[in-house]
1. What distance in nm lies between label points placed 7 Å from Cα along the C-beta direction at Asp295 and Val9?
2. So, with +1 on the Cβ of K and R and -1 on the Cβ of D and E, and no other charges, what is the size of the charge dipole of the range 169-293 about its Cα centre, to the nearest 20 debye?
3. Among 252-264, 33-45, how do they line up by average Cβ neighbours within 10 Å per residue, starting with the highest?
4. Check Ile292: other-chain or 5+ apart residues with amide H under 5 Å from its amide H, H built from backbone geometry?
5. How high is the relative contact order of the range 169-293, in percent, counting Cα pairs under 8 Å that sit 6 or more residues apart?
6. Could you rank the peptides 272-285, 206-219 by their average count of other C-beta atoms within 10 Å per residue, with the highest value first?
7. Efficiency by 1/(1 + (r/R0)^6): what FRET value for Ala280 and Ser21, r their Cβ-Cβ distance, R0 = 51 Å, to the nearest 0.05?
8. Label points 7 Å out from Cα along the Cβ direction at Arg263 and Ala229: separation in nm?
Amino acid sequence: MVDGPQRRVSMADVAAEAGVSGQTVSRVANGSPRVDPATRARVEATMERLGYRMHRAARALRTGRTDTIGLIVSTLASVGNSRMLQALADAAAAQGFALTVVTATGRGAVADGFARLRDQGIDGAVILNEATALARGIDVPEGLALVVVDAPPDDLVAAPRFVTVQTDHVAGARAATEHLLTLGHATVRHLAGPADSFAAAERERGWRDALEAAGRPVPDLVRGDWTAASGHAAVAGFGDEVTALFAANDQMALGALRALSDRGRRVPDDVAVVGFDDVADAADYRPPLTTIRQDFDALGAAAIDALVARLAGAAVAPVVLVPELIRRASA
């Protein structure tokens with residue numbers, strides 16, 4: 001015998017079980033302050049016990065909000081962006097929001113993405129990393145609260161209703177470079193990220209600032225595209241004069257480690273290597289990778305917190321998180 005579909009727990013079921021009116025349950029579900037704390041606690045406990053979940057469409061009709069947040073991102077292929085997606089999804093769910101993802105590879109796609117979010121009644125949106133540059137100057141639907149993560153200082157983020165959340169990439173890159181200099185290296189080569197990436201440009205700036213502040217020569221950089229394969233290709237031609245390398249992310253550092261090994265150069269004995277991000281596998285590279293830890297969970301939580309505050313009409317200051325140098329065996 002096959003059981004039929006289980007009936008959805010209704011607001012009336014919660015009211016009857018908690019011994020309150022349906023209106024009281026509705027007020028609790030919609031976050032109204034017009035419920036005394038003891039009653040609210042009893043209703044919330046009953047909701048939890050019965051497994052009550054308010055239908056989003058019904059809530060939207062009552063409140064004018066869908067409790068859904070949009071994410072506009074240019075690609076999810078990079079490790080950093082996929083880590084941010086997970087962090088944002090977790091943080092949004094913890095605050096009762098669903099997440100809708102729009103991938104956009106050009107300015108037209110970003111404009112279309114805004115239109116799609118508007119048509120779906122999205123309450124607010126996060127624009128992530130490379131997509132922030134694509135969104136520059138594009139008209140944003142009125143009333144759509146926005147948070148931009150890792151954004152260049154341009155007219156997109158100058159408007160009062162935009163909030164910026166970012167890692168201090170300059171400080172992280174400076175720490176990586178200074179660490180390599182303290183090990184006795186005359187200078188540090190840089191394996192940079194894509195030229196159109198704000199994060200890559202900031203990490204390059206931190207590397208350059210550290211060398212110039214120390215009075216050390218600034219060598220030509222080599223550039224990859226965040227992938228391990230590009231790191232391998234960029235470093236394969238390095239000569240023996242290179243003794244220290246700062247890679248703009250851990251994936252490119254992984255490719256660099258293989259390229260150096262292919263040339264018979266030992267890490268860290270012949271070349272010291274530092275990455276950026278501290279991905280989950282960084283401690284299992286050979287050798288374990290010294291890197292700059294970017295706290296993706298904290299970044300995602302800060303972005304969602306800022307967006308929720310903007311939805312509530314609050315003023316929110318820009319958020320900057322300082323990354324941490326994690327010392328391992330590669331440098």
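Just so you know, all these numbers are worked out from the coordinates, no wet-lab data involved. As the structure is a prediction and not an experimental result, all values here were calculated from the model. Here the Cβ is made from the backbone with ideal geometry for all residues, glycine too, and neighbour counts use every protein chain on show.
1. 3.4
2. Values: 13 positive and 18 negative charges, 31 e Å.
That gives a dipole near 140 debye.
3. Answer by packing, highest mean first, reads 252-264, 33-45.
4. Those qualifying (amide H under 5 Å, at least 5 residues apart or on another chain) are Gly275, Phe276, Asp277, Asp278, Ile326.
5. 25
6. Details: 272-285: 21.4, 206-219: 16.1.
For the peptides 272-285, 206-219, the packing ranking is 272-285, 206-219.
7. Details: r = 49 Å, r/R0 = 0.97.
The formula returns an efficiency of 0.55 here.
8. 2.2
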